[in-house]
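Asker: Supplied in structure tokens, the structure appears directly below.
The values are calculated or read from the model by the stated rules, or taken from the named source; none is laboratory data. Because the structure is a prediction, the values reported are computed rather than measured. With ideal geometry, Cβ positions are generated from the backbone for all residues, glycine too; neighbour counts draw on all protein chains shown.
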């Protein structure tokens, strides 16, 4: 059973979240708070597994709560403002939900939260509707997974190709990326390439053993050998 607390200065928002969470019998709400000061007392008293936390509240914001908690409290931010997403992922938030919260996004958040709290890393893949925080020394980008077109391995690094954005080179292996991305739509075609099948635009065959694929809003055509092409056909037919 997941024990959670709701922290939001709006009573209707907390009530709405309770109603949405009623569809998840594995979750029990152990308390509510409308201010960070009251939330800190609630958390210290109940020791919940996680808190569904608003950001902009009178007196102090949701981030202030984290400095007042003396144990590893998991956080799902629930807010009407998208501009805090990068900071939320910097404090290792489990998820970042935008109001009004859609039931399917809440279901994704609960699933990820359950996986983290029960220490089942194999179940912590992102959902297709999730966003991911990509950080380099020069830049931080929070991107919807649906906008990632392809990932290319470059040694111990992975280059993320994202629609409408310059590529990002992260110090993360392609295998580590494959382990957290939802499959489908992401498919590893070779040792150096993962593509988003939802963005597959076309396949150009040059021979039985050679083809090029293009991705919608992708960077350039990718060349595929026989094995990669066979794997692609297996997952698109």
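Asker: Which of (1) closer than 30 Å to residue 110 by Cα; (2) without any contact (Cβ under 8 Å) to a residue 24 or more places away in the chain; (3) touching a strand residue (DSSP E or B) at 6+ places or on another chain (Cβ under 7 Å) is the odd one out, the single condition residue 175 does not satisfy?
Answerer: Against the list (1) closer than 30 Å to residue 110 by Cα; (2) without any contact (Cβ under 8 Å) to a residue 24 or more places away in the chain; (3) touching a strand residue (DSSP E or B) at 6+ places or on another chain (Cβ under 7 Å), residue 175 comes up short only on (3).
Asker: Just one of the numbered conditions (1) over 21 Å from residue 6 (Cα atoms); (2) at pLDDT 90 or above; (3) crowded, with 18+ Cβ neighbours inside 10 Å is not true of residue 50; which one?
Answerer: (1)
Asker: If you check 33, 45, which single one turns out to be farther than 20 Å from residue 116 by Cα and surrounded by 16 or more Cβ atoms within 10 Å (Cβ to Cβ)? Let's see the steps before the verdict.
Answerer: On the way: 45 fails: surrounded by 16 or more Cβ atoms within 10 Å (Cβ to Cβ).
Exactly one of 33, 45 is farther than 20 Å from residue 116 by Cα and surrounded by 16 or more Cβ atoms within 10 Å (Cβ to Cβ), namely 33.
Asker: Cβ-Cβ below 8 Å, separation at least six or inter-chain, first residue in the range 224-237 and under 13 Å from residue 205 (Cβ atoms) and assigned by TED's automatic domain parsing to the domain that holds residue 192, second at pLDDT 85 or above and in a helix (DSSP H, G or I): which pairs?
Answerer: 224/232
Asker: Mind checking which residues of the range 193-210 are at pLDDT 90 or above, in contact with a helix residue (DSSP H, G or I) (Cβ under 7 Å, 6 or more places away or on another chain), over 14 Å from residue 234 (Cα atoms) and not in a strand (DSSP E or B)?
Answerer: Within the range 193-210, just 198 meets the criteria.
Asker: Got a sec? Which of 39, 13, 5 is modelled with pLDDT of 95 or more, touching a strand residue (DSSP E or B) at 6+ places or on another chain (Cβ under 6 Å) and assigned to a helix (DSSP H, G or I)?
Answerer: The conditions single out 39.
Asker: Return the total of residues in the range 148-164 being crowded, with 18+ Cβ neighbours inside 10 Å, without any contact (Cβ under 8 Å) to a residue 60 or more places away in the chain and within 18 Å of the chain's Cα centre (by Cα).
Answerer: Step one: filter the range 148-164 for residues crowded, with 18+ Cβ neighbours inside 10 Å, giving 148-153, 158, 160-162.
Imposing the further condition that a residue be without any contact (Cβ under 8 Å) to a residue 60 or more places away in the chain reduces the set to 148, 151-153, 158, 160-162.
Subset that is within 18 Å of the chain's Cα centre (by Cα): 148, 151, 158, 160-162.
Going through the range 148-164 one residue at a time, the tally reaches 6.
Asker: Shifting gears a bit: Just checking, does the range 211-226 include any residue being in a helix (DSSP H, G or I) and farther than 24 Å from residue 112 by Cβ? I'd like the intermediate steps shown before the answer.
Answerer: Just the residues of the range 211-226 that are in a helix (DSSP H, G or I), to begin with: 226.
Now restrict to residues that are farther than 24 Å from residue 112 by Cβ: 226.
Checked the range 211-226: at least one residue is in a helix (DSSP H, G or I) and farther than 24 Å from residue 112 by Cβ.
Asker: Okay, moving on. Residue check: is residue 206 within 14 Å of residue 150 (Cα to Cα), assigned by TED's automatic domain parsing to the domain that holds residue 141 and surrounded by fewer than 16 Cβ atoms within 10 Å (Cβ to Cβ)? Give the steps one after another, and end with the answer.
Answerer: Values: within 14 Å of residue 150 (Cα to Cα): no; assigned by TED's automatic domain parsing to the domain that holds residue 141: yes; surrounded by fewer than 16 Cβ atoms within 10 Å (Cβ to Cβ): yes.
Here the answer is no, as residue 206 does not meet what is asked.
Asker: Only one of these is in contact with a strand residue (DSSP E or B) (Cβ under 9 Å, 6 or more places away or on another chain), touching a residue at least 60 places away in the same chain (Cβ under 8 Å), surrounded by 15 or more Cβ atoms within 10 Å (Cβ to Cβ) and part of a loop (DSSP other than H, G, I, E, B): 69, 101, 110. Name it. Talk me through it step by step, then tell me what you get.
Answerer: Working: 69 fails: touching a residue at least 60 places away in the same chain (Cβ under 8 Å); 110 fails: part of a loop (DSSP other than H, G, I, E, B).
After ruling out the rest, the residue left standing is 101.
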